[in-house]
Amino acid sequence: MLRLAVLGHPIAHSLSPAMHAWALSALGLRGTYEALDTPPEALSERLQEVRRGYRGVNLTVPLKERALPLLDWVSPEARAIGAVNTVLSAEGHLLGFNTDAPGFLMALEAGGFPLRGPALVLGAGGAGRAVAYALKGAGLEVWVWNRTPERAQALAEEMGLEAVPLEAARAAYLLVNATSVGLGDPGATPLPPGLFPDEGVAVDLVYRPLWTRFLKEAKARGLGVQTGLPMLAWQGALAFRIWTGLLPDPVGMERVALGALGKG
């Protein structure tokens, strides 16, 4: 039987168990998917448990960057991003991957949004790094902003991007909120409403609440908008494929996540 899990801190409200339980059932696989609360200081010991008894795990905040030195092998993409969100346990070895980057691009494509720049990524943490890496790899001009300018500058120099002030948002076509601003606070937004461009697309990786102030104001401005659930579903489906060789339907996973969110 497959044993799978998501590690994070806190983790109780994760939508991943609902999504992956559905995927297991839909594909006729016997298995479980748990949410294991794992503070950073307990990560090393927890990964040893994964090595001994699990097929694989997802990693979420605040573990994506901390896990790299604890794994036996890390994919070139995950190493370049500096964050791992998927771990495969195979023959006693822990292998690290990043499905956030391809998941973001596939979610955009599935939503019918063009891959067009300039793209402004708000945030330089694990999620922001994955999105910036994906967009740069897709050939877009990528700008990055962070509340701590030094972090944005360091990411820009590392990946060949441009660190910009927030006002550059007016000239961007694709806006991505990869910060935690708005998480659990419907009144918070990383971007003042006067800085939205006249056209383009806005994506918010925050999905609690599903419709953040950032997305509502982007929609009012006439921009195309995408919530955080499509990327959540796609990265989850790609992780599931790493563990099993089978790709579950991301639309089904998104539908289940939406239902779980409604109950939360």
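On the stretch given as the range 205-229, residues that are closer than 17 Å to PRO118 by Cα and either of a type in the set (Asp, Glu) or touching a residue at least 40 places away in the same chain (Cβ under 8 Å) (or both) total 3.
If I filter the range 84-94 for residues that are within 23 Å of ASP204 (Cα to Cα) and open to solvent by 20 Å² or more (accessible area, probe 1.4 Å), do I get at least one hit? Steps first, please.
Filtering the range 84-94 down to residues within 23 Å of ASP204 (Cα to Cα) leaves 84-86.
Remaining after also requiring open to solvent by 20 Å² or more (accessible area, probe 1.4 Å): none.
No - not one qualifying residue is present in the range 84-94.
Within the range 1-31, being in a loop (DSSP other than H, G, I, E, B), in contact with a strand residue (DSSP E or B) (Cβ under 9 Å, 6 or more places away or on another chain), open to solvent by less than 40 Å² (accessible area, probe 1.4 Å) and among the hydrophobic types (A, V, I, L, M, F, W, C) holds for one residue alone: ILE11.
Let's see how each residue does on (1) among the hydrophobic types (A, V, I, L, M, F, W, C); (2) out of contact with any Ser or Thr (no Cβ under 9 Å at 6 or more places or on another chain):
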{"residue": "TYR173", "(1), (2)": "no, yes"}
{"residue": "VAL176", "(1), (2)": "yes, yes"}
{"residue": "LEU205", "(1), (2)": "yes, no"}
{"residue": "MET231", "(1), (2)": "yes, yes"}
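Among the residues of the range 195-229, which ones are surrounded by 23 or more Cβ atoms within 10 Å (Cβ to Cβ) and of a type in the set (D, E, K, R)? Matches in the range 195-229: ASP204 only.
Please go through the range 46-79 and give me each residue that is among the acidic types (Asp, Glu), under 24 Å from LEU15 (Cα atoms) and at pLDDT 95 or above, ordered by number. If the condition is that a residue be among the acidic types (Asp, Glu), under 24 Å from LEU15 (Cα atoms) and at pLDDT 95 or above, then GLU49 is the only one that fits.
Annotation: GLU34 fulfils all but one of (1) part of a strand (DSSP E or B); (2) open to solvent by less than 40 Å² (accessible area, probe 1.4 Å); the unmet one is (2).
Mind counting the residues in the range 230-253 that are open to solvent by 60 Å² or more (accessible area, probe 1.4 Å), in contact (Cβ under 8 Å) with a residue 12 or more places away in the chain and not in a loop (DSSP other than H, G, I, E, B)?
Just the residues of the range 230-253 that are open to solvent by 60 Å² or more (accessible area, probe 1.4 Å), to begin with: 241, 246-247, 249, 251.
Among the residues that remain, those that are also in contact (Cβ under 8 Å) with a residue 12 or more places away in the chain are: 246, 249, 251.
Right, trim to not in a loop (DSSP other than H, G, I, E, B) and you get 251.
So the count comes out to 1.
A search for C-beta distances below 7 Å between a residue of the range 82-111 that is without any contact (Cβ under 8 Å) to a residue 60 or more places away in the chain and any residue that is hydroxyl-bearing (Ser, Thr, Tyr) and assigned to a helix (DSSP H, G or I), counting only pairs 6+ apart in sequence or on different chains, returns ALA101/TYR133.
The values are calculated or read from the model by the stated rules, or taken from the named source; none is laboratory data. Computed from a prediction, not measured in an experiment: that's the story for all the values here. Neighbour counts are summed over all protein chains in view; Cβ atoms, including those assigned to glycine, are modelled from backbone coordinates with ideal geometry. Ligands, DNA and RNA are excluded from the accessible area calculation, which covers all protein heavy atoms including side chains. Shrake-Rupley method; radii C 1.70, N 1.55, O 1.52, S 1.80 Å.
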